[in-house]
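Please treat every number below as a calculation from the coordinates, not as lab data. Only a predicted model underlies this, so the values are computations on that prediction, with no experimental measurement involved. Glycine gets a Cβ as well: all are built from the backbone with ideal geometry, and neighbour counts include every protein chain shown.
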Amino acid sequence: MFDALIDGLFLVLQWKAFSLMMVGMGLGFVVGLLPGIGGPATLALMLPFIFKMSPAEAFAFLLGMHSVAATTGDITSVLFGVPGEGLSAATVLDGHPMAKKGEAGRALGAALMSSLVGALIGAVFLALAVPIVRPLVLSFGSPELFMLSIVGISCITSLSGLGTQGQIRGFAMGLLGLLLASIGQERQSGSLRFDMGLMYLWDGLDLIPVLVGIFAIPEVVDLAVRGTAIAGDRPAEDLQKGVIEGIKDTFRHFWLVFRCSAIGVFVGIMPGAGGGVAQWMAYAHAVQSAKNSKEREGFGKGDIRGVLGPGAANNSKEGGELIPTIAFGVPGGGAMAILLGGFLIMGIVPGPDMLTKHLAITFSMVWTLVISNIICVILCLGILNHLAKITYVRGGLIVPFVLFLVFVGSYTANNQIADLIVTFIFGFLGYLMVLLGWPRPPLVLGFVLGKLIETYLFISMTRYGFSWLTHPIVMFLILLVALVIAYPYIQDRRLRSRDVADA
Amino acid sequence: MRRTLLASLLIGFSMIPLMVSFAGAQTNFYEGKTVVLVIGAKGAGSLIAATQIVSHHLGKYIPGKPAVIVQEMPGAAHMLATNHVFNVAKPDGLTILAANPQVAVAQLAKVEQVRFDVRKFHWLGSSGPDGVALSVRTDLPYKNFEDIRKADHDLIVGTTGPGSNAHDFPLLLKEFAGAKFKLVSGYPSNGDVQLALQRKEVDVWAALATTIKLAMDQGIVRAVVRGRVATPGFENLPVDEDLATSPLGKSIMGIRGLPLAIGRAFAVPPATPADRLTLLREALAKVLKDPEFLAEGKKAKIDFQYISAEQALKDFTALLNQTPEVLKEMGKYIKLEG
Amino acid sequence: MRKARIFFCLFLIAVAGYAIYSALGWTFKAKLFPLAVSIPMLVLATTQLLLDLFGRAETGGSGPAVDLELSADVPAEVARRRVIGIFLWIAGFILLVFLFGFPVAVPLFMFSYLSLQGGMRWWQTIGLTAVAWGFFYVVFQRIVHLQFEDGLLQTWLGL
């Protein structure tokens, strides 16, 4: 295995592969900044270019592009409140408020550094996991995957406000998300649900238009209302210091970053779980790390940990997602599906071969993740300060530009004009929710997990009746669910007693 | 204020012809243009891979050497893309549908959202038929279909949902050939079914022959039954239609299998000018003989075979020509995605 | 604000009600999940409605949710006008895209918005629009080769 590790490194460092990786990175940089593109749609457009490349070169190109996009996606999330990738939405929650407080540089630095740490941890896991990957993934059957998505959804309690009304609203939104996820064709029987006679809705609502609408539009509205620059009427922050501060923050909270990376990797490994979940679980976990109730309420208003958690998880899940893709040919997410397409074209069959005969290629992918992220961070550090200056530009100039990004992004996800209307509707809904105090993260979580929960529940019941409830991993996960649900309440008790003690 | 508004509107509107003139008149129509292959699927899969490979070489054989790209427009099991190319796309020879002939079955069943007619599309031809095969896990003792008929308990079949090959092929074998199957559907993709196979959650899996072959090469499954189309490596397997115990079953299986015989077909909208149509048809035929193209197909383990436009149209017309009784029965089993 | 809150609850109740009503007619497998989700949702939304109607008034503009808070620095009247305004602009942009397709709608929108809302000199407006349009064209159409549908107007005029 060690030889393969070194071989893999040399494959990437070859002149042609390396320069292709840089080209991919350049593309990924631009593409990650622009919402909507950078996801599977654009990756698919890059496929024609790989025909003439060798496998190592092709993956250096594709992965270089994809992993950088995951990092730069956080940039638009912070600066404009527009999720650059469907997966950077959680970064918006605290990243953008920080920009509004004039701390854009710090948020960017934190997002970037935590992305790097997350990517490295993800790559290390990928490399280490090679021997155990197959038994690991194989031990997670449909019942286990169902329980895992329940763990995901139980994060809602952490994402909603404390107190009865907060929890009621959080759960109601989570349920609404689940309900929205059931629009479209039901997988088991093929019957159409809630399609209102529109063929557009057969496959249900697509995530990107919804996400971009629900997060970005309220921000744009707020910007238009305030009439100032994003950062308000503050004096310009010493931006250089800001970015460095953000980097330091990553190491101040290193243990949190590590745990969130681990969450990202683990969720990424689970086929079908989808990276969209990882960032929310990481965010919920970051919220749980609040030390008193005042800190907890600071989340959503600019707590650096709200940027660190999702930032790390986003990138570590890349490494995680590669695992089922390479080892089994089951894509861990949308972009991985495209990568699989690339595999097919290259004539590479994902499976045990990739972990034995072609191990060097697998490791070349690991190295690509590592190297491209490091280079990306180094290069970005230089320009981050200048990017952060955008938050001081007049709102009137920024608004049309952001709107343009929002809608082009929403359209290019699926090349459907109807998506624009979806973005508008959810934009309006998002605005109302923010105005009236109904939390958005639970809705997104419910939406992302809805289909998974239903599908795996049905498969488990059809296949195993009720006996799956006694599978060992399932029982462990049930305990975990209980823990995750209860945690905010336990924490609240502890904090309250601590508040009383402090008073 | 009003003057600015007027000025902006004027300038704005004057930009329109500017954009439009970009399309401009050119001596050779295809020069400098982009041909778009629209496909109704997303992600990975042999259909997409095959379309990518075709797109890689098609430009070479069209005079003017345009760029050729693949645009994914997923939705409603290829129907969104098919509707789009039939009704909305400009019939100028720049938009080509990379079709999944399965949509013809939707038309047959008079699904209300169908807004196309496969007989009115101008077909360019097809890059090859697809076979379908049913396979069993290698560690199970069932070696052929007889064993499955005589099994003492229901074998678990993993499917992706009604309307897919994974679902309909075993379903018809169960209803009309006496296979002892229990269908567990809802797996998000074929990859997930394959994973479930390896986890021993599922025993049987049906899919396109190309896909099954990959799994066979890894020793995960062994193929047991095939559809009418014989793809290399599968010729010796029994055909599902021959295993049917009733003529009705045989016809329904036949209908189900026809689109696969047509395979990966390409079409342009009905109003496309005849000269461009001929151009494209010839280009497709030449691509399928191009040695580099075939080499890439081999690398991707996809078998390419040219099927002419006439043949495709003949098959589609035959498919749509069914008796009402057969249609009624078919509706009971073949529920289309929707 | 209180009225808005009540309307929102009613809206949720309506959505849940619609879901339950549609789902009742489906097959077992199809209706299980939607019902399992919409019935609790109905309960929760109703509870919240009752709390809003009869409970104590909440302090602060929005509840302690882990989410964004809109800025309150601008007087309510101005804010309301601007909110309606921006939504109209957004709707206008979408309409432009429908009519003219992205490649035309983007510069048109930029230009109109910057002229009417940007408050800059006219040559600045044109300059910025040109930059935006150039960016759009180069990145989206040339480099990434994305295809943008034609708008209705182009189809009608047969362009």
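Cut-off is 10 Å between beta-carbons; in what order do A:GLU57, B:GLU235 appear when sorted fewest neighbours first? Working shown, then result.
Working: A:GLU57 22, B:GLU235 9.
Placing the least packed residue first, the sequence is B:GLU235, A:GLU57.
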Mind checking B:71-80 for the average number of partner chain beta-carbons within 10 Å of each residue's beta-carbon? 6
Taking max minus min of the Cα coordinates of region A:278-418 on each principal axis, largest first, gives extents in Å of 54, 43, 36
Karplus couplings for region B:243-258 from phi (6.51 cos²θ - 1.76 cosθ + 1.60, θ = phi - 60°), rounded to Hz, Gly and Pro as x? 8, 5, 9, 9, x, 4, x, 4, 5, 5, 4, x, 4, 4, x, 4
Relative contact order (percent) for region A:272-366, with alpha-carbon contacts under 8 angstrom and 6 or more residues of separation? 25
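Of the cross-linked pairs B:LYS65/B:LYS298; B:LYS120/B:LYS213; B:LYS120/B:LYS182; B:LYS180/B:LYS250; A:LYS301/C:LYS29; A:LYS301/C:LYS3, which ones have a Cα-Cα span greater than 30 Å in the structure shown?
B:LYS120/B:LYS213; B:LYS120/B:LYS182; A:LYS301/C:LYS29, as the Cα separations exceed 30 Å there.
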From the square roots a ≥ b ≥ c of the eigenvalues of the alpha-carbon gyration tensor of region B:149-209, which class results: rounded (a/c under 1.5), prolate (a/b over b/c), or oblate? oblate
Out of B:HIS56, B:HIS153, B:HIS167, any idea which swings most in a Gaussian network model of chain B, alpha carbons joined below 10 Å? B:HIS153
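How large is the helix-only mean residue ellipticity at 222 nm for chain A, computed as the sum of -39500 (n - 2.57) over DSSP H runs with n ≥ 4, divided by its residue count, in deg cm²/dmol to the nearest 500?
Taken over chain A, the calculation gives -25000 deg cm²/dmol.
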Can you flag which of A:LYS357/B:LYS301; B:LYS200/C:LYS31; B:LYS143/B:LYS200; A:LYS317/A:LYS451 are past 22 Å Cα-Cα? B:LYS200/C:LYS31
For labels at A:TYR489 and C:SER22 in the simple 7 Å Cα→Cβ model, what's the distance in nm? 3.4
In terms of the charge dipole of the protein assembly as shown, which places +1 on Lys and Arg and -1 on Asp and Glu at the beta carbon, the residue among C:VAL15, B:GLN102, B:GLY128 farthest towards the positive end is C:VAL15
If you take the beta carbon distance between A:ILE378 and B:ALA67 as r and set R0 to 30 Å, what does 1/(1 + (r/R0)^6) give as a FRET efficiency, to the nearest 0.05? 0.30
Residue farthest toward the positive end of the dipole of chain B, with Cβ of Lys/Arg at +1 and Asp/Glu at -1: which of B:VAL229, B:GLN305, B:HIS57? B:HIS57
Descending semi-axes in Å of the protein assembly as shown, equivalent ellipsoid built from Cα gyration tensor: 43, 34, 29
Pull up the DSSP beta bridges for the protein assembly as shown and report the antiparallel fraction as a percent, rounded to 5. 55
Final fewest-first order of C:TYR18, A:TYR487 on the 10 Å Cβ neighbour count is C:TYR18, A:TYR487
For B:LYS289, the aspartates and glutamates lying under 17 Å Cα to Cα, once residues fewer than eight places off in the same chain are dropped, come out as B:ASP303
Determine which aspartates and glutamates satisfy two conditions relative to B:LYS174: a Cα distance under 19 Å, and not lying fewer than 8 residues away in the same chain. B:GLU146, B:ASP147, B:ASP152, B:ASP154, B:ASP203, B:ASP240, B:GLU241, B:ASP242, B:GLU329
Shielding by other protein chains, C:96-102, mean Cβ within 10 Å: 3
For chain B, with a Gaussian network of springs between Cα atoms less than 10 Å apart, report the residue from B:PRO269, B:PRO259, B:PRO74 with the top mean-square fluctuation. B:PRO74
What average number of partner chain Cβ atoms lie no more than 10 Å from the Cβ of the residues making up A:212-222? 3
Give the residues of region B:116-141 whose amide nitrogen is closer than 11 Å to a point set 7 Å from the Cα of B:ALA274 in the direction of its Cβ. none
If R0 is 51 Å, what FRET efficiency do you get for A:SER467 and B:SER308 from their C-beta distance, rounded to 0.05? 0.40
For chain B, longest principal axis from Cα atoms; helix B:2-23 axis from its Cα atoms; angle between them, nearest 10 degrees, is 60
What's the magnitude of the charge dipole for region A:407-497 around its Cα centre, counting Lys and Arg as +1 and Asp and Glu as -1 at the beta-carbon? Answer in Debye, nearest 20. 320
A convex hull over the alpha carbons of chain B yields, per residue, a volume in Å³ of 161
Once a ≥ b ≥ c are taken as the square roots of the eigenvalues of the Cα gyration tensor of chain A, is the result rounded (a/c under 1.5), prolate (a/b larger than b/c) or oblate (a/b not larger than b/c)? rounded
How high is the relative contact order of chain A, given as a whole-number percent (alpha carbon pairs under 8 Å, six or more residues apart)? 29
In Å, descending, principal axis extents of the Cα set of region C:1-52: 41, 14, 10
Descending principal axes extents, region A:415-503, alpha-carbon based, whole Å: 53, 52, 17
Neighbour counts of other C-beta atoms within 10 Å: give me C:ARG81, B:ARG256 arranged from fewest to most. C:ARG81, B:ARG256
Positive end of the dipole of the protein assembly as shown, charges at C-beta (+1 Lys, Arg; -1 Asp, Glu), about the Cα centre: which of C:LEU153, A:TYR392, A:SER467 has its Cα farthest in that direction? A:TYR392
Projected convex hull area of region A:348-401, Cα atoms, direction-averaged, in nm², equals 6.3
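In cubic angstrom, how much convex hull volume per residue do the alpha carbon atoms of region A:372-432 span? Numbers along the way, then the final one.
Working: hull volume 7.9 nm³, N = 61.
Roughly 130 Å³ of hull volume per residue.
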Work out the length of the dipole vector of chain B about its Cα centre, built from +1 on the beta-carbon of each Lys and Arg and -1 on the beta-carbon of each Asp and Glu, and round it to the nearest 20 debye. 680
Anyone know which of B:LEU134, B:LEU195, B:LEU173 comes out most mobile in the 10 Å Cα GNM of chain B? B:LEU195
Under a crude label model (7 Å from the Cα following the beta-carbon direction), how far is A:TRP255 from B:VAL239 in nanometres? 6.9
Placing each pseudo-label 7 Å from Cα in the direction of the beta carbon, A:ALA482 and B:ASN28 end up separated by a distance in nanometres of 7.4
Ordering A:465-478, C:96-109 by per-residue average of other C-beta atoms within 10 angstrom, highest first, gives C:96-109, A:465-478
Over chain B, what relative contact order in percent results from Cα pairs under 8 Å that are six or more residues apart? 25
